[in-house]
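Just so it is clear, none of the values below were taken in a lab; they were calculated from the coordinates. The model shown is predicted, which means the values in this text are computed figures rather than measured ones. Every residue, glycine as well, gets a Cβ built from its backbone with ideal geometry; the counts of neighbours run over all protein chains shown.
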There are 2 protein chains.
Amino acid sequence: MDDLTEMLKGTLEGCVLEIIGSEETYGYAITRRLNELGFADVVEGTVYTILLRLEKNGFVQVTKRPSGQGPPRKFYALNDAGRDELAAFWVKWEYVTERIAKLKEGGK
Amino acid sequence: MDDLTEMLKGTLEGCVLEIIGSEETYGYAITRRLNELGFADVVEGTVYTILLRLEKNGFVQVTKRPSGQGPPRKFYALNDAGRDELAAFWVKWEYVTERIAKLKEGGK
DNA sequence: TAGTGGTACTCGGTACTACAAGGTACTCGA
DNA sequence: TCGAGTACCTTGTAGTACCGAGTACCACTA
């Protein structure tokens with residue numbers, strides 16, 4: 001699959017929120033998860049910038065824990081604002097995909 | 001619906017290609033069509049920049065025709081490269097929506 | 001004990017895209 | 001003649017993902 005980066009703009013953040021929402025986890029693991037899911041080109045730098053943004057916007061709660069196999073990990077969990085943001089993301093996503101599906105059918 | 005602009009990045013160009021592909025048309029009408037379809041905030045300036053990009057990249061054939069109700073219109077039609085690009089867009093779109101659906105289900 | 005590879009986070013700069021805001025210009029009806 | 005609707009264009013800005021490089025810690029092994 002060629003370059004998806006432009007298409008992922010605005011959706012990657014939602015994906016990260018979803019991953020954090022389903023389980024408290026940390027940046028490196030999130031990157032791995034996204035790669036597994038098929039977003040092969042997403043790199044660590046991107047995920048960390050998203051995580052910093054989420055933190056700055058107050059959507060997550062951060063806990064630092066020693067790792068045992070490297071430097072300490074920063075674990076992220078959603079707070080209430082984060083859950084709201086995630087819900088809003090899915091609403092937007094549904095809206096957009098629905099409209100584009102309609103467009104594709106040549107529909108009115 | 002609040003701001004969709006970030007989510008539309010990378011997909012709006014495909015939408016415009018699809019519209020042009022189904023019928024030879026012009027910028028102003030494309031904007032109207034997108035607004036009708038539910039992309040209410042898409043403005044003319046955005047569509048024109050996309051059209052110029054498509055032209056520069058050699059995906060469209062342009063024909064100027066007098067309008068009778070305003071300045072002359074620039075009609076756009078897809079050429080072979082444009083049809084290829086459109087097909088590639090849908091492949092990418094399917095890919096991304098599928099992965100995100102999987103993510104949403106919490107699936108592996 | 002030095003080297004390698006995997007884990008884990010950070011940061012500055014760049015490219016691309018959609019939008020904001022303003023302008024130009026043509027036609028028609030009041 | 002003036003406004004509204006049609007139609008196009010341009011410059012600048014903001015947001016987002018990526019690139020590339022750096023830091024650091026640990027386990028294993030030659």
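Data for the structure
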{"item": "Region B:1-79: trypsin sites (Lys or Arg not before Pro) in DSSP loop, at most 10 other beta carbons within 10 Å", "result": "none"}
{"item": "Principal-axis tilt of helix A:44-56 within chain A, Cα atoms, nearest 10 degrees", "result": "90"}
{"item": "Average beta-carbon neighbours from other chains, 10 Å sphere, peptide B:6-18", "result": "5"}
{"item": "Under 5 Å, built H, 5+ apart or other chain: amide partners of B:ARG73", "result": "B:ARG65, B:SER67"}
{"item": "Percentage, to the nearest whole number, of Cα pairs in the protein assembly as shown over 31 Å apart", "result": "31"}
{"item": "Chain A, rotation onto B, residue closest to that axis via Cβ, with its distance in Å", "result": "A:LYS9, 2"}
{"item": "Overall form of region B:5-101 per C-alpha gyration tensor (a/c, 1.5; a/b vs b/c)", "result": "oblate"}
{"item": "Neighbour net charge for B:LYS64 - beta-carbon separation under 11 angstrom, K R +1, D E -1", "result": "+3"}
{"item": "For region B:82-93, 3J(HN,Hα) per residue [Karplus equation, 6.51 cos²θ - 1.76 cosθ + 1.60, θ = phi - 60°, Hz, x = Gly/Pro]", "result": "x, 5, 4, 4, 4, 4, 5, 4, 5, 4, 4, 4"}
{"item": "Degrees separating the helix A:27-37 axis from the principal Cα axis of chain A, which is the longest one", "result": "40"}
{"item": "Partner lysines for B:LYS102 [C-alpha distance under 23 Å; skip if fewer than 8 residues away on the same chain]", "result": "A:LYS9, A:LYS92, A:LYS102, A:LYS104, B:LYS9, B:LYS92"}
